[in-house]
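Structure record follows, encoded as structure tokens.
The values are calculated or read from the model by the stated rules, or taken from the named source; none is laboratory data. Predicted model, so just to flag it, every value in this text is computed and none were measured. We place every Cβ from the backbone using ideal geometry, glycine too, and count neighbours over all the protein chains shown. To get the accessible areas, we keep the full protein, side chains included, count just its heavy atoms, and leave off ligands, DNA and RNA. Shrake-Rupley method; radii C 1.70, N 1.55, O 1.52, S 1.80 Å.
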Amino acid sequence: MAKSVSPDAVSVILANPSPDSSSDLPEIVVQILDLKPTGNRYMFTASDGKMKLKAMLQSGLSSEVISGNIQNLGLIRILDYTLNDIPTKNEKYLIVTKCEAVSPALDAEYKADGNTVETGILLKPKEELMAKVNVESGGPGIVLKPKPEIVAKSAAQIVHEQTRNMAPARMGMNRRIYPLLSLNPYQGMWTIKVRVTSKGNMRTYKNARGEGCVFNVELTDEDGTQIQATMFNEAARKFYEKFELGKVYYISKGSLKVANKQFSTVKNDYEMTLNENSEVEEVSSEAAFVPETKFNFVPIDELGPYVNGRELVDVIGVVQSVSPTVSIRRKSDNETIPKRDITIADETKKTVVVSLWNDLATTVGQELLDMADKSPVVAIKSLRVGDFQGLSLSAISKSILSVNPDVPEAKKLRNWFDSEGKDTALASVGAGLSPNTKGGGRSMYSDRVFLSHIISNPSLGEDKPALFSLRAYVSYIKADQTMWYRACKTCNKKVTEAIGSGYWCEGCQKNDTECSLRYIMVLKVSDASGEGWLSVFNDEAEKILGYSADELNKLKLEEGDSSYQMKLKEATWVPHLFRVSVTPHEYNNERRQRITVRGVAPVDYAAESKYLVEEVSKMKI
């Protein structure tokens, strides 16, 4: 079946950079050129045969490329898009938020004839484009048909002619509604329609610039895409009562920046900030939508790197057992809450225990208990990974549990379990792991690399923290850096000096007469390939320095800087095995790597020799 490229498609896009509604778009079919991955997205050049435009497929469309539906040199029909200016490069980028494949790869790049005036140019996949000239026999000569008159039209005229008979756009707040997937820091005005799926408490803080308050919400649009929005001071006071959990809102006049993954559990490259001039309007005049739940499943045998980390995970598994409900007394407020444990398994032949709390334990948990003999499939979103019994999962307030969900992974898992899984010997994923193992229970010899491998790959950790092991020497510790912070003795969170006396802990909401010091420092390490800076926290720093932060501070106060610097010097040029995580972060608008120590151990030379012998044997010399 013949497919078509839309003439002047790029001109249409340039003339209409922000269409009011996808239903108002004319037919836009372009050819994909130079398709290549960048992070979790794909870049390409959109071509209509005459003009080209740099473009990007949003991350939600990456699966279409991976599956082969969208191919280099193939054709796509653009259903929705945003055209963004990149100020630093003085360029325009097309962000394709919705599209469909029209044709697989053609043999070559299509180039239109400059005299073409037809409304569409027919192409067939894997066939060359042949220009056909109609001729008539006229005796001894050949008479060509008269050349049609070419009428030059601007891009704006083309858009007007193609859209004049279409119905007017339907808009919220008299503006186009943007999907969260299309937003980025370079956009100007936008309006989103989202549901509040999580709301934090109002918190106060105190720093060098004074005191203030802050709170955040998690927002989800109709496609299931999430983003975290944060409000400070006046904006926090203005919107705290306005935002209600579960309600739907129009939001505009906010700003975006690259998300700090250390403080955000939402899977989005960006985070939103709303100020006192932002606009928030509740959607009450139309039916509220139910956001689609998007899962990003982690196989049970790959949960190790997430242990005691901030990142939340989604899992899917077949229920093996369901415990009765028990009552647990919470330490923070002495309140009794219900808890129920379920054990699930997946195709990795591993099992894991998931703790359900409060309503999940009493409602959905009871439903699972009643149908446990049928081994239902459950998909659970937003679980925290802990080290209880080696490795376990725990639901939190925003966790979502679906029983026998209608997703491909559930059908595949059901087929596996019915055909072989129910008769397969299963093992706990936490078996044999120490409860105190850092770095997700992985060996210090797993994923061993040189420092140069990390330093030379700035894209490491874009989707999730990348974990590696290193053998390196501590080569330098800055003596004049801030080595520690004042911490609460109960929860280890940072405390501030209270009015009058003592220290105030925001986490525990109480004053204490004393506090402890905990390390938060950076140090330089070196190996045979190069050197790099590592961020180190309290437990790992104590192993490297041999002193607690309180002990080192006391020595500095009593014996002076010379003794203090000597202790730091004694810790250098000592070899260690490091388990590190690598993530990108932004500092002063510059993208950098953050390498954080998750575990540290002295070199066991017998184990190290065994490891080196195994590595040499792999070389097949």
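Figures for the structure shown
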quantity	calculated
Failed condition for Thr482, given (1) part of a loop (DSSP other than H, G, I, E, B); (2) among the β-branched types (Val, Ile, Thr); (3) buried (at least 16 other Cβ atoms within 10 Å of the Cβ)	(3)
Residue list for segment 450-473, restricted to those being touching a Phe, Trp or Tyr at 6+ places or on another chain (Cβ under 7 Å), open to solvent by less than 80 Å² (accessible area, probe 1.4 Å) and part of a strand (DSSP E or B)	Ser469, Leu470, Ala472
Test: residue in segment 286-296 that is at pLDDT 90 or above, surrounded by 18 or more Cβ atoms within 10 Å (Cβ to Cβ) and not polar (S, T, N, Q)	no
Test for Ser563: is it open to solvent by less than 60 Å² (accessible area, probe 1.4 Å) and assigned to a strand (DSSP E or B)	no
Selection within segment 498-517 - more than 36 Å from the chain's Cα centre (by Cα) and surrounded by fewer than 13 Cβ atoms within 10 Å (Cβ to Cβ)	Ile499, Gly500, Ser501, Thr513, Glu514
Residue in segment 206-217 that is in a loop (DSSP other than H, G, I, E, B) and among the hydrophobic types (A, V, I, L, M, F, W, C) present	yes
Of all residues making up segment 244-284, the number that are among the β-branched types (Val, Ile, Thr) and outside any loop (DSSP other than H, G, I, E, B)	5
Given (1) surrounded by 19 or more Cβ atoms within 10 Å (Cβ to Cβ); (2) modelled with pLDDT under 90; (3) of a type outside the set (Ser, Thr, Tyr); (4) not in a strand (DSSP E or B), index of the condition Ala236 fails	(2)
Inter-residue pairs, beta-carbon under 7 Å, first closer than 9 Å to Glu276 by Cβ and in segment 231-246, second open to solvent by less than 100 Å² (accessible area, probe 1.4 Å) and assigned to a loop (DSSP other than H, G, I, E, B), 6+ apart	Glu234/Glu276; Ala235/Asn275; Ala235/Glu276; Ala235/Ser278; Lys238/Glu276
Residue pairs meeting the criteria (Cβ under 7 Å; at least 6 apart or on separate chains; first surrounded by fewer than 17 Cβ atoms within 10 Å (Cβ to Cβ), in segment 369-383; second hydroxyl-bearing (Ser, Thr, Tyr))	Ala372/Ser321
Single condition Asn201 does not satisfy, out of (1) assigned to a helix (DSSP H, G or I); (2) modelled with pLDDT under 85	(1)
Pairs, first within 30 Å of Met189 (Cα to Cα) in segment 69-84, second among the small types (Gly, Ala, Ser) and in a loop (DSSP other than H, G, I, E, B), C-beta under 8 Å, six or more apart	Thr82/Ser18; Leu83/Ser18
Residue satisfying all of: in segment 239-268; hydroxyl-bearing (Ser, Thr, Tyr) and within 18 Å of the chain's Cα centre (by Cα); least open to solvent (accessible area, probe 1.4 Å) among these	Ser264
